[in-house]
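See below for the structure under consideration.
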Amino acid sequence: MTPHISVLRRRPPVWPVPVLWTLVLGLWGLSRQHSVWRDEAATWQVARRSVADIWHMLGQVDVVHGVYYLLMHGLFACFGAGTTALRLPSVLAVAVAAACVTVIGQRLAGVWAGLAGGLALGLLPAVQFYLQEGRPYALVAAGAGISTLLLVTAIEGRGRATCWTAYGATVLVCALLNWLSLLILPAHLATLVWVRAGRGTCARWATAAAAAVLGALPLILFSRRQSDQVSWIPPLTWHMMIGPAVLLVIGGLGVLLDRPRSGRLSVAAVGMPLLAVPQIGLVCLSLIQPLFLDRYVLFSMLGLALLIGAALGAAERALRRRFPRGAAWLVPVAVTLAVVALLPQSLAKRSPASRVDDVLAVSADVRRLKETGDAVLFVPAARRDAALVSPDDFAGLRDIALERSPVASGTLKGVEASPGRIRTAMLAQRRILLVTDEADVARPVSAERDKVKTAVLKKYFTVVADEQVRGRRVTVYERLEPARRPADGNPALRPDA
């Protein structure tokens with residue numbers, strides 16, 4: 001054994017530093033001032049159902065997140081429902097991704113490149129957003145980091161059959177969490193082409209990739225039946241391309257600084273495809289059906305972190321030739337400057353205002369404003385999530401529009417009665433609490449049931465209290481006396497119609 005190899009083997013691992021760093025970033029302000037927004041509310045209310053009820057729901061809606069819901073159901077059963085249990089899996093997942101980035105960077109470009117890349121990952125604005133999100137995207141990023149590390153290991157010749165088996169299994173798990181994560185496969189294929197991998201390696205990769213795709217195919221096909229869930233995503237526009245274009249430019253600068261050689265395994269050969277290919281692939285898919293949301297390819301940020309690390313590693317090596325003593329301070333100083341520069345964004349992403357609404361805040365207002373015998377309505381029906389996440393705050397209120405509960409109907413928002421029945425129920429009430437969106441984020445009322453709700457409230461009730469908080473609004477209506485009611489020329493809205 002040569003002395004050089006002996007020293008390398010005795011050197012302590014670097015990856016624990018980015019792991020601890022990412023955990024600190026994730027635990028900082030984890031509760032976001034005890035706020036939960038609508039996407040996380042879906043996780044919260046579904047995870048509290050029984051396994052049988054979750055399975056029933058997946059046949060109707062959200063099957064694409066089924067594995068994640070079952071995972072969160074287990075965590076809630078063990079630790080209880082709360083913001084910590086909701087978001088901690090994402091924090092741990094990004095920490096795992098940071099460890100993978102560090103190990104890959106260290107292997108391919110040295111200690112400082114690995115350390116810088118691992119530290120950079122948790123600072124990226126997109127990653128900071130989903131670092132504290134009760135949704136599956138950070139878990140997919142962790143799986144992407146593991147599968148990429150396994151790929152690098154296999155290309156280096158260290159991987160045996162177990163390595164490729166683990167690779168295929170990891171890609172499959174990611175696909176079951178979100179099948180758009182399969183966009184990592186063409187990224188890995190681009191890496192194999194870049195490094196001119198041998199036929200044997202390419203054949204083993206193709207076998208593992210095909211097994212993962214075949215394993216996820218039933219989910220992909222079944223989820224297409226629920227495509228209405230993404231019908232709200234707007235069509236692709238040029239301004240949506242600005243963000244990916246900026247990322248690719250930054251990645252390109254990292255490639256130039258790393259100065260990769262064609263046919264050699266390098267950070268650029270791994271990082272640039274991982275950054276670019278999923279972004280480009282999602283753009284192409286969005287030309288067929290609008291799907292362009294950055295969270296679907298959050299895992300591509302691992303490629304950006306790798307390239308940033310490689311660039312700083314290259315800068316450190318160049319600086320070491322002239323200033324051997326000062327070169328070691330480059331990465332710590334760069335990270336410190338990045339923390340200072342991104343501090344406003346970091347604080348903003350840990351505030352309730354970083355999300356479009358806050359389910360818990362409006363629930364607290366409902367608890368304060370409600371009186372015995374009051375009824376409650378939701379416009380749109382999806383705003384019923386507040387009652388599902390905080391049932392105690394809505395205790396005693398009668399949901400007069402609801403015909404079948406979300407659990408019984410296997411849906412996220414339940415099944416409401418016909419417009420006529422809703423109108424009749426409303427006219428029998430003295431006080432009604434309306435839970436809806438704040439004016440700044442509210443969309444025009446389109447559903448016929450919601451039009452009836454708002455029309456009856458306007459004609460036959462008067463506002464006695466109105467609170468708007470963090471994207472949500474609760475308005476208390478009291479029934480007008482007959483003498484004070486305006487003339488109504490619409491027979492469909494008359495009490496005796």
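Structure above, values below:
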{"quantity": "Residue 7 closer than 30 Å to residue 118 by Cβ, part of a helix (DSSP H, G or I), at pLDDT below 95 and out of contact with any strand residue (DSSP E or B) (no Cβ under 8 Å at 6 or more places or on another chain)", "calculated": "yes"}
{"quantity": "Residue that is more than 15 Å from residue 100 (Cβ to Cβ) and over 25 Å from the mean Cα position of the chain (by Cα), where the choices are 175, 206, 169", "calculated": "206"}
{"quantity": "Region 411-442, residues that are closer than 30 Å to residue 56 by Cα and either loosely packed, with under 14 Cβ neighbours inside 10 Å or of a type in the set (Val, Ile, Thr) (or both)", "calculated": "411, 415, 418, 420, 422, 435, 436"}
{"quantity": "Candidate set from region 450-466 (those that are buried (at least 20 other Cβ atoms within 10 Å of the Cβ) and closer than 16 Å to residue 381 by Cα); member that is nearest to the chain's Cα centre (by Cα)", "calculated": "450"}
{"quantity": "Condition check for residue 118: part of a loop (DSSP other than H, G, I, E, B) and either closer than 19 Å to residue 104 by Cβ or not aromatic (Phe, Trp, Tyr) (or both)", "calculated": "no"}
{"quantity": "Subset of region 399-410 [crowded, with 17+ Cβ neighbours inside 10 Å and in a helix (DSSP H, G or I)]", "calculated": "406, 407, 409"}
{"quantity": "Residue within region 278-298 that is closer than 23 Å to residue 40 by Cβ, among the polar types (S, T, N, Q) and not in a strand (DSSP E or B) present", "calculated": "no"}
{"quantity": "Residues being more than 13 Å from residue 407 (Cβ to Cβ) and in contact with a Lys or Arg (Cβ under 9 Å, 6 or more places away or on another chain) - total across region 50-67", "calculated": "2"}
{"quantity": "Selected residue (only one of 102, 191 is β-branched (Val, Ile, Thr), open to solvent by less than 10 Å² (accessible area, probe 1.4 Å), in contact with a Phe, Trp or Tyr (Cβ under 8 Å, 6 or more places away or on another chain) and in a helix (DSSP H, G or I))", "calculated": "102"}
{"quantity": "Selection within region 125-153 - farther than 16 Å from residue 305 by Cα, surrounded by fewer than 24 Cβ atoms within 10 Å (Cβ to Cβ) and touching a Cys at 6+ places or on another chain (Cβ under 8 Å)", "calculated": "153"}
{"quantity": "Tally of residues being closer than 18 Å to residue 352 by Cα, open to solvent by less than 80 Å² (accessible area, probe 1.4 Å) and touching a residue at least 60 places away in the same chain (Cβ under 8 Å) across region 9-53", "calculated": "15"}
{"quantity": "Condition met for residue 384 (free of Cβ contacts under 8 Å to residues at least 60 places away in the same chain, over 29 Å from residue 112 (Cβ atoms) and in contact with a Phe, Trp or Tyr (Cβ under 9 Å, 6 or more places away or on another chain))", "calculated": "yes"}
{"quantity": "Residues of region 294-313 satisfying the condition of being of a type in the set (Val, Ile, Thr) and open to solvent by less than 10 Å² (accessible area, probe 1.4 Å)", "calculated": "297"}
{"quantity": "First in region 461-490 and part of a loop (DSSP other than H, G, I, E, B), second anywhere and at pLDDT below 70, Cβ under 7 Å, 6 or more apart", "calculated": "488/494"}
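Residue by residue, here is whether (1) of a type in the set (Phe, Trp, Tyr); (2) part of a helix (DSSP H, G or I); (3) under 19 Å from residue 219 (Cβ atoms) holds:
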site: 17; (1), (2), (3): no, yes, no
site: 25; (1), (2), (3): no, yes, no
site: 29; (1), (2), (3): no, no, no
site: 33; (1), (2), (3): no, no, no
site: 43; (1), (2), (3): no, yes, yes
site: 46; (1), (2), (3): no, yes, yes
site: 49; (1), (2), (3): no, no, no
site: 56; (1), (2), (3): no, yes, yes
site: 61; (1), (2), (3): no, no, yes
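The values are calculated or read from the model by the stated rules, or taken from the named source; none is laboratory data. Everything numeric here is computed off the predicted structure, so don't read it as measured data. With ideal geometry, Cβ positions are generated from the backbone for all residues, glycine too; neighbour counts draw on all protein chains shown. The accessibility values were calculated without ligands, DNA or RNA, using every heavy atom of the protein model including side chains. Shrake-Rupley method; radii C 1.70, N 1.55, O 1.52, S 1.80 Å.
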